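I have placed the structure first, in the form of structure tokens, so that the comments after it can refer back to it.
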Amino acid sequence: MRILISGASVAGPVLAYWLHRYGFRPTVVERAPALRKTGGHAVDLFRPSMGIVEQMGLLKHVQAKDTGAQRVTLLREGAKAIRVDTARVLGVTPGRHVEIMRDDLSEIFYDATRHDVEYAFGDSIASIEDGEDEVKVTFERAEPRAFALVVGADGLHSNVRRLVFGEERQFTHFLGGYVSVATVPDHLGLSNEMISLAAPGRMMAMYSPRHLEEARATFMFHSPHRLDYHRHDTHRQKELLREHFAGLGSEAPRLLAELDGAPAFYFDEITQLRMETWSRGRVSLTGDAAYCPGPAVGASTSMAVIGAYVLAGELAAAGGDHTAAFRAYEREMADYVRGSRDYAARMVKQVIPGTQARIWAGAQIFRLLDVLPAGPARLLSKLADTTGLHDKVNVKRY
Ligand SMILES: Cc1cc2nc3c(=O)[nH]c(=O)nc-3n(C[C@H](O)[C@H](O)[C@H](O)COP(=O)(O)OP(=O)(O)OC[C@H]3O[C@@H](n4cnc5c(N)ncnc54)[C@H](O)[C@@H]3O)c2cc1C
């Protein structure tokens with residue numbers, strides 16, 4: 001059974017891996033001309049997705065590319081910096097969580113599949129015609145082909161979703177903020193530490209994965225309404241950042257000055273996808289394309305891995321009966337997806353504190369996390385809601 005997957009980042013290659021393992025014949029089409037190697041940001045694999053990575057025999061590869069961010073340092077204007085172990089902040093037991101650059105993770109999944117799976121880089125689906133027995137697909141570059149099924153694993157701004165379900169705006173819910181990531185020189189020599197600085201309505205952080213020379217500057221700010229800019233107008237986006245971060249001290253002026261020379265730059269709304277169903281006929285979606293809880297606030301990489309694994313597992317369990325499999329897949333994911341929406345909406349407020357009082361409260365939690373013994377510290381971080389969402393998930397074995 002031939003299955004076309006759009007997107008070769010996280011969900012796409014994981015889906016391809018499991019489909020191939022179950023005897024399906026996946027093809028992956030990726031718009032980028034090659035695997036992305038510049039830019040990107042750190043992502044997290046939490047407990048249930050680590051189990052899937054382990055079943056794929058890739059745990060050692062993933063752990064070898066851990067960003068090595070062992071500490072978070074909270075900078076505060078006019079107050080002493082507070083340093084805390086990252087594991088304490090996240091409330092995770094060492095060995096049960098990995099922070100890794102998304103591009104490194106994609107490469108690991110790609111390497112594990114490239115000999116068995118057909119990859120077509122530098123192309124994109126142009127049209128999808130869903131028929132009774134097959135889906136006819138045309139591409140921007142390649143010749144038209146027919147597949148038994150098509151899966152969109154092409155991220156928050158999914159092309160497959162637009163082609164099959166319609167315009168994105170009908171499914172997005174604005175969570176009241178913006179996020180930006182820029183590749184910048186590591187002038188602080190931050191090999192194992194992330195620094196973070198918050199002021200009411202805005203937050204800035206900087207980290208450098210241990211195996212990269214450059215650093216990433218992350219900016220997040222609150223906005224009660226959607227801002228007016230074009231998605232591809234990076235000049236305007238940088239202007240917006242400068243406006244919103246004006247007057248913030250510490251490293252902010254230097255990082256804002258680096259924006260113009262940044263070799264990679266990302267800016268987006270923090271929006272959440274809310275689709276009642278993400279399968280139609282012979283087409284389904286997975287990862288951010290289907291159920292993104294919000295970029296940078298939902299730890300959604302774990303959800304991308306789990307969703308891809310479940311979708312492949314259900315297709316195998318149903319012997320390729322896509323109607324039964326898609327229904328079962330969405331049912332299996334429903335609670336997790338619903339939980340992630342609430343979680344992300346809470347996280348936006350935590351990550352971008354709205355008031356000085358919230359910043360002060362966050363600093364007190366950090367201070368306690370630093371001094372408490374491991375058990376109570378884990379409990380406190382759970383109360384502060386860092387990873388509870390993922391801890392509750394039980395992934396079905398196929
Ligand atoms: C700034 C930022 C910070 C984040 N921080 C974290 C974090 O700390 N922890 C965490 O767990 N998660 C984080 N995330 C979320 C994480 O990056 C995503 O959840 C994860 O990458 C989703 O994987 P995916 O494969 O579903 O989609 P994506 O990684 O978005 O990949 C989609 C793929 O589809 C391709 N594509 C797009 N359009 C087409 C097309 N027309 N045709 C073919 N291919 C196409 C893209 O090039 C890309 O390769 C963050 C996200 C952002 C933006």
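The values are calculated or read from the model by the stated rules, or taken from the named source; none is laboratory data. Keep in mind that this is a model prediction, so the values were computed, not measured. Cβ atoms come from the backbone with ideal geometry, glycine included; neighbour counts cover every protein chain shown. Remember, those area values only see protein heavy atoms, side chains included, never the ligands or the DNA or RNA. Shrake-Rupley method; radii C 1.70, N 1.55, O 1.52, S 1.80 Å.
If a residue has to be of a type in the set (A, V, I, L, M, F, W, C), outside any helix (DSSP H, G or I) and within 23 Å of Gly78 (Cβ to Cβ) to count, how many in segment 224-264 make the cut?
Residues of segment 224-264 of a type in the set (A, V, I, L, M, F, W, C): 227, 240-241, 245-246, 248, 252, 255-257, 259, 262, 264.
Remaining after also requiring outside any helix (DSSP H, G or I): 227, 246, 248, 262, 264.
When the remaining residues are screened for being within 23 Å of Gly78 (Cβ to Cβ), the result is 246, 248.
Residues flagged as of a type in the set (A, V, I, L, M, F, W, C), outside any helix (DSSP H, G or I) and within 23 Å of Gly78 (Cβ to Cβ) within segment 224-264 amount to 2.
Answer yes if at least one residue in segment 182-199 is open to solvent by less than 30 Å² (accessible area, probe 1.4 Å), under 20 Å from the mean Cα position of the chain (by Cα), at pLDDT 95 or above and over 21 Å from Ile100 (Cβ atoms), and no otherwise.
no
Hey, any hits in segment 45-63 for a residue that's without any contact (Cβ under 8 Å) to a residue 12 or more places away in the chain, outside any strand (DSSP E or B), surrounded by 13 or more Cβ atoms within 10 Å (Cβ to Cβ) and more than 16 Å from the ligand (Cβ to nearest atom)?
yes
In segment 152-200, which residues are of a type in the set (Gly, Ala, Ser) and more than 12 Å from the ligand (Cβ to nearest atom)?
Gly166, Gly176, Gly189, Ser191, Ser196, Ala198, Ala199
For segment 9-29, which residues satisfy the criterion of being open to solvent by 30 Å² or more (accessible area, probe 1.4 Å) and within 18 Å of Thr301 (Cα to Cα)? Lay out the reasoning, then the answer.
Our first condition is that a residue be open to solvent by 30 Å² or more (accessible area, probe 1.4 Å); within segment 9-29, this holds for 17, 20-23, 25.
Of everything in segment 9-29, just one residue is open to solvent by 30 Å² or more (accessible area, probe 1.4 Å) and within 18 Å of Thr301 (Cα to Cα), namely Tyr17.
Being hydrophobic (A, V, I, L, M, F, W, C), open to solvent by less than 20 Å² (accessible area, probe 1.4 Å) and at pLDDT below 95 is the filter here; which residues of segment 265-301 pass it?
Within segment 265-301, Val297 is the sole residue that qualifies.
Quick one: what pairs do we get from segment 125-152, first residue free of Cβ contacts under 8 Å to residues at least 12 places away in the same chain and part of a loop (DSSP other than H, G, I, E, B), second within 15 Å of the ligand (Cβ to nearest atom) and of a type in the set (S, T, N, Q), C-beta under 8 Å, 6+ apart or different chains?
Hits for this filter: Pro144/Thr138.
Taking the condition of being crowded, with 24+ Cβ neighbours inside 10 Å and either more than 13 Å from the ligand (Cβ to nearest atom) or in a loop (DSSP other than H, G, I, E, B) (or both), how many residues in segment 303-313 meet it?
Residues that pass the stated criteria total 2.
So the check is Cβ under 8 Å with 6+ separation or different chains; which pairs have a first residue in segment 1-22 that's within 13 Å of the ligand (Cβ to nearest atom) and of a type in the set (Ser, Thr, Tyr) and a second one that's modelled with pLDDT under 95 and open to solvent by 10 Å² or more (accessible area, probe 1.4 Å)?
Partner pairs satisfying both residue conditions: Ser9/Arg36.
Residues are listed down the side, and each one gets a yes or a no for (1) touching a residue at least 60 places away in the same chain (Cβ under 8 Å); (2) in a loop (DSSP other than H, G, I, E, B); (3) charged (D, E, K, R):
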position: Gly294; (1), (2), (3): yes, yes, no
position: Val297; (1), (2), (3): yes, yes, no
position: Thr301; (1), (2), (3): yes, no, no
position: Ala334; (1), (2), (3): no, no, no
position: Arg338; (1), (2), (3): no, no, yes
position: Ala345; (1), (2), (3): yes, no, no
position: Val348; (1), (2), (3): yes, no, no
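Could you grab me the full set of residues in segment 71-95 that are assigned to a loop (DSSP other than H, G, I, E, B) and buried (at least 17 other Cβ atoms within 10 Å of the Cβ)?
Gly91, Val92 - these are the residues of segment 71-95 that are assigned to a loop (DSSP other than H, G, I, E, B) and buried (at least 17 other Cβ atoms within 10 Å of the Cβ).
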